[in-house]
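Colleague: First, the structure itself, so that you have it in front of you.
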Amino acid sequence: MKHSAVFALVALFLIIIAVSSTLMIPNQPTRGQFSTTTSNTSSSDSGGPIIGSTTTTTSPGIDPSTTETVKLDPRVMKANGYFLTTPIDMMEWSDSQFSYLVQHLIASNVTYLFFNLPNLNSDGALYDNFSLDTSLILRFDTMAGAHSFQYVAWVGTQTDPNTLLGNFTNYGISETVTSLYKAGFDGILVDIEPVPNDSPQFLSMLQDFRASISQSAPGMLLGANNMNVYQSVAYGQLWAWDKNYFQNVTKLVNFISPMFFESDRTNQAQYVQYVDNEIQVISEYSLAPVLYEIPDWYGPNTTNHFPLGENISNAIIAFQQYVKLAGEGQVPSPSNMLGLCIYGLNKTYTLEPGTVTQALETTPYDWSFFINQWVNTTYPQRVGSSAP
């Protein structure tokens, strides 16, 4: 009986240890962490993101070291972005002007800063010593404190893509990737407009960027602007992609950035409907995290931009409406959403012959609206924070 009692105590002790170990297993998902998805199928040769079951990462939304697509809980859409003016303009700002911008970026949960760089050359190269960009990155780092920015080179061209894309060379793209990486950039956003639906040249160009990044810029992010996405679009159509081509593009990038401006919508109701229709298709079909670009300029009407329709307030109203409908299960969840990216360049633009305006800028009202109506508001989920 004594031996039996001893054995029983030992067995009980071992059971307690086993249960305790099970309860203390590390790396369990906790509130506020992001989750990634891995595919049940094989990865693409290009190293693009794929979709499947859930694992955990603390990335702000993009993990360039894997072939995974980050799937976010709608409560933690926090990686917003901002498009900056040219480095030469920003380096002329006083410390107080620069600090004003940085504090509003931090309050807006901005992670990704896009630097407005010169156009790519005909071979895809971008020759520059990037000394101003390096100085600007250092200035942001100095004022950011504990906040962490990711610096993305916003590059593109104004040349007709039909004649341009086929001229890009591996050497030219490699020069661009290597030089931007050495300058301190964390990523590249390829902005070429318009890319025809089903363009094989655009896919080849993204594959070349991906290959160059893998070879000489490990960890660098690759993103692209996309055209409007629809269920079905004619082959070769400009400014519009069908869902299949959109998926082919998103397989090759770390993030995709829809452009919600120059939509031709002239009032709030039209614009909100346009944005919500696009979010629905993009939420359903994107294989990459999505950073939505929203307009933040007023000024006179341009060819396709009508400020009474397109503006930061109306864009946020559209996203509020969509997130609410998603919470009710009426539309696909925007679970692949990183956040919103403000297109509010503090730059002088000539919008009409003989006229100049400072229309492209983020005003104090816009900052307040973005922070109070997007970052710090519940819709029913809390958007822009890891808190419930």
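Colleague: Name the residue, out of GLN247, GLN237, that is of a type in the set (S, T, N, Q), touching a helix residue (DSSP H, G or I) at 6+ places or on another chain (Cβ under 7 Å) and either part of a loop (DSSP other than H, G, I, E, B) or over 24 Å from THR169 (Cβ atoms) (or both).
Modeller: Step by step, each of GLN247, GLN237 is checked, and only GLN247 is of a type in the set (S, T, N, Q), touching a helix residue (DSSP H, G or I) at 6+ places or on another chain (Cβ under 7 Å) and either part of a loop (DSSP other than H, G, I, E, B) or over 24 Å from THR169 (Cβ atoms) (or both).
Residue-wise test of (1) modelled with pLDDT under 95; (2) touching a Pro at 6+ places or on another chain (Cβ under 6 Å); (3) surrounded by 24 or more Cβ atoms within 10 Å (Cβ to Cβ); (4) not aliphatic (A, V, I, L, M).
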| site | (1), (2), (3), (4) |
| --- | --- |
| THR169 | yes, no, no, yes |
| VAL177 | no, no, yes, no |
| GLY187 | no, no, yes, yes |
| ASP208 | no, no, no, yes |
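Colleague: With the requirement that a residue be farther than 13 Å from ALA125 by Cα and either part of a helix (DSSP H, G or I) or in contact with a Lys or Arg (Cβ under 9 Å, 6 or more places away or on another chain) (or both), what does region 167-189 give you?
Modeller: Correct list: TYR181, LYS182, ALA183.
Colleague: Please enumerate the residues belonging to region 285-303 that are farther than 22 Å from TRP154 by Cα and not in a helix (DSSP H, G or I).
Modeller: Selection gives TYR298, GLY299, PRO300, ASN301, THR302, THR303.
Colleague: Quick test of your reading of the structure: PRO364 fulfils all but one of (1) within 20 Å of VAL102 (Cα to Cα); (2) at pLDDT below 80; (3) of a type outside the set (S, T, N, Q); (4) surrounded by fewer than 16 Cβ atoms within 10 Å (Cβ to Cβ). Name the failing condition by number.
Modeller: (2)
Colleague: Now for a separate question. Quick check on my filter: what residues within region 119-143 are over 20 Å from the mean Cα position of the chain (by Cα), among the aliphatic types (A, V, I, L, M) and part of a helix (DSSP H, G or I)?
Modeller: Residues satisfying the conditions are LEU132, LEU136, LEU138, MET143.
Colleague: Only one of (1) out of contact with any Leu (no Cβ under 8 Å at 6 or more places or on another chain); (2) within 25 Å of ILE342 (Cα to Cα) is not met by LEU252, so which one is it?
Modeller: It fails just one condition, (1).
Colleague: Which numbered condition in (1) modelled with pLDDT of 95 or more; (2) surrounded by fewer than 23 Cβ atoms within 10 Å (Cβ to Cβ); (3) outside any loop (DSSP other than H, G, I, E, B); (4) over 19 Å from the mean Cα position of the chain (by Cα) is the only one that GLN201 fails?
Modeller: Every listed condition holds for GLN201 apart from (1).
Colleague: Continuing with the same structure: Please list, ordered by residue number, the strands (runs of 3 or more DSSP E) wholly in region 66-118 having 2 or more residues that are within 15 Å of the chain's Cα centre (by Cα), among the hydrophobic types (A, V, I, L, M, F, W, C) and modelled with pLDDT of 85 or more.
Modeller: 110-116
Colleague: Can you tell me how many residues within region 110-144 are farther than 13 Å from ALA183 by Cβ, β-branched (Val, Ile, Thr) and surrounded by 20 or more Cβ atoms within 10 Å (Cβ to Cβ)?
Modeller: Selection size over region 110-144: 2.
Colleague: In region 255-284, which residues are part of a loop (DSSP other than H, G, I, E, B), touching a helix residue (DSSP H, G or I) at 6+ places or on another chain (Cβ under 6 Å) and aromatic (Phe, Trp, Tyr)?
Modeller: Listed by number, the list holds a single entry, PHE260.
Colleague: I would also like to ask the following. Has region 257-266 got any residue that is in contact with a Ser or Thr (Cβ under 7 Å, 6 or more places away or on another chain) and buried (at least 19 other Cβ atoms within 10 Å of the Cβ)?
Modeller: So far as region 257-266 goes, no, none of its residues is in contact with a Ser or Thr (Cβ under 7 Å, 6 or more places away or on another chain) and buried (at least 19 other Cβ atoms within 10 Å of the Cβ).
Colleague: Among the candidates VAL253, VAL331, single out the residue that is within 20 Å of TRP374 (Cβ to Cβ) and among the hydrophobic types (A, V, I, L, M, F, W, C).
Modeller: After ruling out the rest, the residue left standing is VAL331.
Colleague: Let me ask something additional. Could you please find all residues in region 96-117 being in contact (Cβ under 8 Å) with a residue 12 or more places away in the chain and either outside the structural domain of VAL155 (by TED's automatic domain parsing) or not hydrophobic (A, V, I, L, M, F, W, C) (or both)?
Modeller: Of everything in region 96-117, those that are in contact (Cβ under 8 Å) with a residue 12 or more places away in the chain and either outside the structural domain of VAL155 (by TED's automatic domain parsing) or not hydrophobic (A, V, I, L, M, F, W, C) (or both) turn out to be SER99, HIS104, SER108, ASN109, THR111, TYR112, ASN116.
The values are calculated or read from the model by the stated rules, or taken from the named source; none is laboratory data. Note that the structure is predicted; figures quoted are calculated from it, not measured. Cβ atoms come from the backbone with ideal geometry, glycine included; neighbour counts cover every protein chain shown.
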